[in-house]
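J.: Dumping the structure here so I can ask a few things about it.
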Amino acid sequence: MKIRVGFIGLKGGVGKTTIALNSALYLSKRYKVLYIDKDLLSMGSLILGFNGLGFHKAIIEGLGKEQYEYKVNDNLTLFKLYSDPVNERELHNKVKEMGERAERAYVDVVSKGYDVIIIDYGRIFRTNDPLVYDEYEMFKKNFSDYLIGGVGITDPVKNDITDAVEYFLDTINRLKTKPLAFVINMVPQIGDIQKEIDQLVREISEVVKCDIITIPFNEELVQYNKLGEFGEMQKVGKLIEKILSQA
């Protein structure tokens, strides 16, 4: 089995990039992994030490793939998609007009026998947003042998959890993909708050037909200086590993 996993959430700052990066690093210990950075600010790329121009601008300017493809370790490769957060939609439209040339360059990166493809969606995933959705459609067209799954991520604020569950279920249903996990991140380790989160987990478990994972707040995780070292941040990676091992 090969799997593509999208990390999605309703807003920034909830930990999509942190959890996606930790999952990719954990899985790369055993599997060949591609991490696709679809955050307009390319935070994942920056954290991994890559400053290439990104796929869109490189393709338009006829530059090499060293501007968007970066080997992190023996089993983990980064694919930086976006180039300019201010003008990205214009760049995207130009790439789309290039048709098969751009598609061939995309397929060249993705078609290298990856067991796992991790997608860090910095933007809210909307099926009516070409900037987000077109890559997904191109992937489905060219790589139909991958199982496609989703991981929803939210902060521990009660209203945010409720809204994120609704968004996650709607997105999964629209795309007809497999819900893998719903993550409540940065949970304060305070008695009353912990009890409230536990109650919410019991409630949403009735509607979210997948694993619900809670990750406690840890200041060191926000600083990105120990990626891949915290067991709590490996929970999603271990879940994906379990799915792959059962295939």
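J.: Compute the whole-percent fraction of alpha carbon pairs in the stretch 32-182 spaced more than 28 Å apart.
T.: Of the Cα pairs, 19 percent sit more than 28 Å apart.
J.: Taking each pair of distinct Cα atoms in the stretch 135-189 once, what is the resulting Kirkwood hydrodynamic radius in Å?
T.: 12.6 Å is the Kirkwood radius here.
J.: Over what distance in Å are the Cα centres of the stretch 191-247 and the stretch 110-166 separated?
T.: The stretch 191-247 and the stretch 110-166 have Cα centres spaced 18 Å from each other.
J.: Given a 1.4 angstrom probe, what's the average accessible area per residue across the chain, in square angstrom?
T.: 46 Å²
J.: If eta is 0.890 mPa s and T is 25 °C, what Stokes-Einstein diffusion coefficient results for the stretch 78-162, Kirkwood Rh from Cα pairs, in µm²/s? Show your work: numbers first, answer last.
T.: Details: Rh = 14.9 Å.
Approximately 165 µm²/s, per Stokes-Einstein.
J.: In whole Å, what three semi-axes, largest first, describe the equivalent ellipsoid of the stretch 16-65 built from its Cα gyration tensor (square root of 5 times each eigenvalue)?
T.: That gives 23, 13, 8 Å for the three semi-axes.
J.: How far is it, in nm, from the label point at Glu220 to the one at Met138 when both lie 7 Å from their Cα along the line to the Cβ?
T.: 3.9 nm
J.: Residues of the stretch 58-77 with amide nitrogen under 18 Å from the 7 Å Cα-to-Cβ point of Ser111?
T.: 65, 69
J.: To the nearest 20 debye, what charge dipole does the stretch 39-129 have about its Cα centre, counting +1 at the Cβ of each Lys and Arg and -1 at the Cβ of each Asp and Glu?
T.: That gives the stretch 39-129 a dipole magnitude of about 80 debye.
J.: May I pose another question? Could you tell me the extents of the stretch 1-109's C-alpha atoms along the three principal axes, largest first, rounded to whole Å?
T.: 36, 30, 27
J.: Counting other Cβ atoms within 10 Å, keep those with at most 12, restrict to DSSP loop, and tell me which trypsin sites (Lys or Arg not before Pro) in the stretch 153-247 are left. Numbers along the way, then the final one.
T.: Numbers: sites: Lys158, Arg174, Lys176, Lys195, Arg202, Lys209, Lys226, Lys235, Lys238, Lys242; in loops: Lys176, Lys209, Lys226.
Within the stretch 153-247, the qualifying trypsin sites (Lys or Arg not before Pro) (loop, at most 12 other Cβ atoms within 10 Å) are Lys176, Lys209, Lys226.
J.: Also, I was wondering about something else. Keeping the other protein chains in place, figure out the carbon and sulfur percent of the accessible area of the chain, with a 1.4 Å probe. List each step's numbers first, then the result.
T.: On the way: 5540 of 11440 Å².
Answer for the chain is 48 percent, counting heavy atoms of protein chains only.
J.: As an exercise, use a Förster radius of 35 Å and the Cβ-Cβ distance of Arg89 and Arg174 to find the FRET efficiency, rounded to the nearest 0.05.
T.: 0.95
J.: Something else: Modelling each spin label as a point 7 Å along the Cα-to-Cβ direction, I'd like the Met1/Asp192 distance in nm, to one decimal.
T.: 4.3 nm
J.: Now for a separate question. Can you tell which of Val183, Phe143, Leu200 lies farthest toward the positive end of the dipole of the chain, using +1 and -1 charges on the Cβ of basic and acidic side chains (Lys, Arg; Asp, Glu)?
T.: Phe143
J.: Shape of the stretch 153-247 from its Cα gyration tensor (a ≥ b ≥ c, root eigenvalues): rounded if a/c is under 1.5, otherwise prolate when a/b > b/c, or oblate?
T.: Oblate, since a/c reaches 1.5 and b/c is not below a/b.
J.: Something else about it: What does the charge count near Lys226 come to, summing +1 for each Lys or Arg and -1 for each Asp or Glu among other residues with Cβ under 12 Å from its Cβ?
T.: -4
J.: Over the stretch 40-90, one equal point on each Cα, no solvent: what is log10 I(q)/I(0) by the Debye formula at q = 0.21, 0.28 Å⁻¹?
T.: Log-scaled intensity ratios, in q order: -0.68, -1.08.
J.: Right, something else. Just to confirm a number: summing +1 for Lys and Arg and -1 for Asp and Glu over residues other than Asp115 whose beta-carbon lies under 9 angstrom from that of Asp115, what do you get? Could the numbers behind the result be given before it?
T.: Values: positive: Lys2, Arg30, Lys32; negative: none.
With Lys, Arg at +1 and Asp, Glu at -1, the neighbours total +3.
J.: Quick one: dipole size for the chain, taken about the Cα centre, charges +1 on Lys/Arg Cβ and -1 on Asp/Glu Cβ, in debye to the nearest 20.
T.: Around 720 debye, computed over the chain.
J.: When the distances between all Cα atoms of the stretch 176-224 are binned every 5 Å from zero, what whole-number percent does each bin get?
T.: Each 5 Å bin holds this share of Cα pairs: 5, 18, 25, 21, 16, 10, 4, 1.
The values are calculated or read from the model by the stated rules, or taken from the named source; none is laboratory data. Treat the numbers as computed from the prediction; the structure is a model and nothing was measured. Neighbour counts run over all protein chains shown; Cβ positions are idealised from the backbone, glycine included. Quick note on the areas: whole protein, heavy atoms, side chains included, nothing else; ligands and nucleic acids left out. Shrake-Rupley method; radii C 1.70, N 1.55, O 1.52, S 1.80 Å.
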